[in-house]
Amino acid sequence: MKQLFMILGLMAAICFVFIGCSDGGSGGGGGNNNAIVGTWEHTWQSGEERGLEILIFNSDKTGISNSYEDDILYNALEFTWSIENGIVSMLNEYGDYSHFTYNGGNTFIWQDAKFTRVN
């Protein structure tokens, strides 16, 4: 029984190593700095209120964050962005920094919200 747990533990450790060492593949943030370029969105619902957050990453390393509540734009922030080793850094017009990990694909998590690629 001890050997079974040791084998399972070793297999889990190997999986974590392969996942942790991934550079995001051919379309990932590690190798392709323009992989994040495009429009991304996150929708939410809280009681009767519903919201939409849209992030647009432009190829010239600029972007905009638009926040909507009940279909009304209530906040728009411009930002600049960079990506290195899968870490996206954003600096908004007020000097606030924000970071998240992007490993390629069509989703990422930013500020506890899951964003999905729109285009």
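Only the coordinates and a few stated rules stand behind these numbers; no lab work does. Because the structure is predicted, anything quoted here is derived from the model rather than measured. Using ideal geometry, Cβ is built from the backbone for each residue, glycine included, and neighbour counts are taken over all protein chains shown.
Tally Lys/Arg at +1 and Asp/Glu at -1 over every other residue whose Cβ is under 12 Å from the Cβ of LYS114; what's the total?
Working: positive: ARG117; negative: GLU41, GLU53, ASP112.
Its environment carries a net charge of -2.
Given points 7 Å out from each Cα along the Cα-Cβ axis, report the THR101 to TRP44 separation in nanometres with one decimal.
The modelled label-to-label distance comes out at 2.2 nm.
Which residues' amide hydrogens lie under 5 Å from the amide hydrogen of TYR102, considering only partners 5 or more residues apart or on another chain, with H built in the peptide plane?
For TYR102, whose amide H was placed from the backbone, the distant partners under 5 Å are ILE87, VAL88.
For TYR97, TYR68, which order do you get if you count the other beta carbons within 10 Å of each Cβ and list the fewest first? Please list the in-between numbers first.
On the way: TYR97 9, TYR68 17.
Least crowded to most crowded, the residues run TYR97, TYR68.
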